[in-house]
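**Q** Once you've had a glance at the structure underneath, I'll fire off some questions.
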Protein chains: 2
Amino acid sequence: MKNIALLLSYVGTSYHGWQRQENAVTVQATLEDALASLTGKAVTLHGCGRTDAGVHALRYVANFKTDCSVPAERFPAALRPLLPNDIAVSAACEVGEDLHARFSCAKKEYIYKLYAGPSPDPFLYRRAHYTPYPLDVELMDSAAACFAGTRDFRAFAAAGGSVRSTVRTVYECHAEGDEKSATIRITADGFLYNMARIIAGTLLAVSRGKMDGGDIPGLFENGARENAGVTAPPWGLYLNRIWYKDGHDLTFSGGDGA
Amino acid sequence: MKNIALLLSYVGTSYHGWQRQENAVTVQATLEDALASLTGKAVTLHGCGRTDAGVHALRYVANFKTDCSVPAERFPAALRPLLPNDIAVSAACEVGEDLHARFSCAKKEYIYKLYAGPSPDPFLYRRAHYTPYPLDVELMDSAAACFAGTRDFRAFAAAGGSVRSTVRTVYECHAEGDEKSATIRITADGFLYNMARIIAGTLLAVSRGKMDGGDIPGLFENGARENAGVTAPPWGLYLNRIWYKDGHDLTFSGGDGA
């Protein structure tokens, strides 16, 4: 059996998230169906994370095992006619048998896109979160720095996750842009349920002056979810990049790298 | 009666073009219905041009006459709940009674968006034209210069237009970008039917080496449509900007200007 990793991107708008589920169209199910049709056998695809309904991905990694004779690098072109236009596999490579797209992951980066102005932009509908209030990127960026470090993020997680520990390491948390358009960038060893969207919602509350950036350290100490900002909507969120643990080097030829 | 001009943008994907027609959803009909519901009377909206099915607009201008007491500057916010998410009115102003969005127009700019790469980008689906071949922007730009000037553009027009003269003045025609992503920009006093898309298709043929930029002057002399490039698809095309004749200054407060 070969272990093949795919580099892919998708517009999440039409999907009930990554993970296969009954009676709902998901990205995993759509890709597994295309892979089954291509290889002639049912395929289990392991994704690098469970994105929520409406969340997008720019460079998502998934792997599957197959004894199909098609060389890994042919998969992107062979899958193209089998996939809808909102999912694209841009590269594929054969990887070591123990690589697992989710468990071998060392670090992930999400970005959250915001924009402001007198009226919503039809071209950004479901692609970024709109607010009518000008963005204060300096305030957001200095508050964002409070999220960096190894901390208990339970105040920034929705109920419903099934994790043993709520401690995570955020390597980087920044806001960049201007008063019309901004991107929040969060790199971490892992994300709790809704963590990226709650951090985005908290920074948006800081931008609007509804919350003081200086209160964020206290939110960590207190640990109560209700004191942090509201969960920002899914359509601003993009899984942007994945890094794997040492010894799991993915070299996607033809693509932009993972 | 007041004469009100609207500055608007739309994603053309779901529409059969600008112009109202039987049994098809168009941008004009959608806006006229919203205006009728807001003002309580049937409204005739004059658009600055007839964009084709699937073509987008970034800064489109349309005007209508009304005796409705709502001040012009309130229209954007009042129309928002009445319009779908792919059409937005960003500004409005009262204009002189003889301004007509189409007939008073002095100059229009269309842009055509192209991108290339090993596989299509789901986020650019129906928003730009994809080609698997790297773009030669230098070749395209030097060929683009051949379109500037006052010429007979009949070789670059589809049959079906109903114009008296096929002479137009192109003020500017440029290609900018790199081998992965490029924009063609065409500013003219008017455009014949499909003219912007045929110029884009011709420049794409030049980029691919299927046509020599040096042959373009001969296409004007010969005048035969079949010698020019194919009509590029509608989804790469955006009406970008409109300029009005002297004495028709539109000052949209709150918006980005027309």
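**Q** Looking at (1) at the interface with chain A (Cβ under 9 Å from one of its Cβ atoms); (2) surrounded by fewer than 17 Cβ atoms within 10 Å (Cβ to Cβ); (3) without any contact (Cβ under 8 Å) to a residue 24 or more places away in the chain, which is the one condition that is false for B:Pro84?
**A** The number of the failed condition is (3).
**Q** Checking the condition open to solvent by less than 50 Å² (accessible area, probe 1.4 Å), without any contact (Cβ under 8 Å) to a residue 24 or more places away in the chain and either touching a Phe, Trp or Tyr at 6+ places or on another chain (Cβ under 8 Å) or closer than 24 Å to A:Asp246 by Cβ (or both), which residue from A:Thr26, A:Thr51, A:Thr44 passes?
**A** A:Thr26
**Q** Output the residues belonging to segment A:115-141 that are more than 14 Å from every other protein chain (Cβ to nearest Cβ), open to solvent by 20 Å² or more (accessible area, probe 1.4 Å) and touching a helix residue (DSSP H, G or I) at 6+ places or on another chain (Cβ under 6 Å).
**A** A:Asp136, A:Leu139
**Q** Given the conditions (1) open to solvent by 10 Å² or more (accessible area, probe 1.4 Å); (2) under 24 Å from A:Val11 (Cα atoms); (3) aliphatic (A, V, I, L, M), which single one is not true for A:Ala182?
**A** With respect to (1) open to solvent by 10 Å² or more (accessible area, probe 1.4 Å); (2) under 24 Å from A:Val11 (Cα atoms); (3) aliphatic (A, V, I, L, M), A:Ala182 is out only on (1).
**Q** Mind listing whichever residues of segment B:4-23 are under 15 Å from B:Ile87 (Cβ atoms) and either of a type in the set (Phe, Trp, Tyr) or surrounded by fewer than 18 Cβ atoms within 10 Å (Cβ to Cβ) (or both)?
**A** Hits for segment B:4-23 are B:Tyr10, B:Thr13, B:Ser14, B:Tyr15, B:His16, B:Trp18, B:Gln19.
**Q** Related question: Pairs only if they're at least six apart or on different chains, beta carbon under 9 angstrom, first in segment B:214-231 and without any contact (Cβ under 8 Å) to a residue 60 or more places away in the chain, second in a helix (DSSP H, G or I) and among the hydroxyl-bearing types (Ser, Thr, Tyr); list them, first residue then second.
**A** Close Cβ pairs satisfying both conditions: B:Gly229/B:Thr202; B:Val230/B:Thr202.
**Q** Which of the following residues is among the β-branched types (Val, Ile, Thr), modelled with pLDDT under 95 and within 20 Å of B:Pro233 (Cβ to Cβ): B:Thr26, B:Thr51, B:Thr131?
**A** B:Thr51
**Q** Within segment A:1-18, take every residue that is out of contact with any Ser or Thr (no Cβ under 6 Å at 6 or more places or on another chain) and in a loop (DSSP other than H, G, I, E, B) and give me the one that is farthest from B:Pro120 (Cα to Cα).
**A** Within segment A:1-18, the match that is farthest from B:Pro120 (Cα to Cα) is A:Met1.
**Q** Kindly list, by first and then second residue, each pair from a residue in segment A:152-181 that is on the phi > 0 side of the Ramachandran plot to a residue that is of a type in the set (Phe, Trp, Tyr) and surrounded by 13 or more Cβ atoms within 10 Å (Cβ to Cβ), limited to pairs with Cβ atoms under 8 Å and residues at least 6 apart or on different chains.
**A** A:Gly160/A:Tyr193
**Q** Failed condition for A:Ala92, given (1) under 30 Å from B:Ser9 (Cβ atoms); (2) surrounded by 20 or more Cβ atoms within 10 Å (Cβ to Cβ); (3) not β-branched (Val, Ile, Thr), with all others met?
**A** Unmet for A:Ala92, out of (1) under 30 Å from B:Ser9 (Cβ atoms); (2) surrounded by 20 or more Cβ atoms within 10 Å (Cβ to Cβ); (3) not β-branched (Val, Ile, Thr): (1).
**Q** Of the residues A:Ala145, A:Ala224, which is open to solvent by 10 Å² or more (accessible area, probe 1.4 Å) and either β-branched (Val, Ile, Thr) or at pLDDT below 95 (or both)?
**A** On inspection, the qualifying residue turns out to be A:Ala224.
**Q** Could you figure out which of (1) more than 21 Å from B:Thr131 (Cβ to Cβ); (2) touching a helix residue (DSSP H, G or I) at 6+ places or on another chain (Cβ under 7 Å) isn't true of B:Thr150?
**A** With (1) more than 21 Å from B:Thr131 (Cβ to Cβ); (2) touching a helix residue (DSSP H, G or I) at 6+ places or on another chain (Cβ under 7 Å) applied to B:Thr150, the lone miss is (2).
**Q** Could you identify the single residue in B:Gly218, B:Gly160, B:Gly209 that is part of a helix (DSSP H, G or I), over 30 Å from B:Val95 (Cβ atoms) and either open to solvent by 20 Å² or more (accessible area, probe 1.4 Å) or at pLDDT below 95 (or both)?
**A** Just one listed residue meets the conditions, B:Gly218.
**Q** Taking B:Ala155 as the residue in question, decide whether it is within 14 Å of chain A (Cβ to nearest Cβ) and either of a type in the set (Phe, Trp, Tyr) or open to solvent by less than 30 Å² (accessible area, probe 1.4 Å) (or both).
**A** It is false that B:Ala155 is within 14 Å of chain A (Cβ to nearest Cβ) and either of a type in the set (Phe, Trp, Tyr) or open to solvent by less than 30 Å² (accessible area, probe 1.4 Å) (or both).
**Q** In segment A:115-134, what residues are without any contact (Cβ under 8 Å) to a residue 12 or more places away in the chain and not in a loop (DSSP other than H, G, I, E, B)?
**A** A:Pro122, A:Phe123, A:Leu124
**Q** Quick check on my filter: what residues within segment B:47-62 are over 13 Å from B:Leu31 (Cβ atoms) and in a strand (DSSP E or B)?
**A** Selection gives B:His56, B:Leu58, B:Arg59.
Let's see how each residue does on (1) part of a loop (DSSP other than H, G, I, E, B); (2) touching a Cys at 6+ places or on another chain (Cβ under 6 Å); (3) buried (at least 19 other Cβ atoms within 10 Å of the Cβ):
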| site | (1), (2), (3) |
| --- | --- |
| A:Ala77 | no, no, no |
| A:Ala88 | no, no, yes |
| A:Arg102 | yes, yes, no |
| A:Lys113 | no, no, yes |
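**Q** Filter segment B:55-67 for residues that are buried (at least 17 other Cβ atoms within 10 Å of the Cβ) and away from chain A (no Cβ under 14 Å) and give the result.
**A** B:Val61, B:Ala62, B:Asn63, B:Phe64, B:Thr66, listed by residue number.
The values are calculated or read from the model by the stated rules, or taken from the named source; none is laboratory data. On a predicted model such as this, the values are computed, not experimentally measured, just so you know. In this analysis, Cβ positions are derived from the backbone assuming ideal geometry, glycine residues included, and neighbour counts consider all displayed protein chains. The area values use the complete protein model at the heavy-atom level, side chains included, leaving out ligands, DNA and RNA. Shrake-Rupley method; radii C 1.70, N 1.55, O 1.52, S 1.80 Å.
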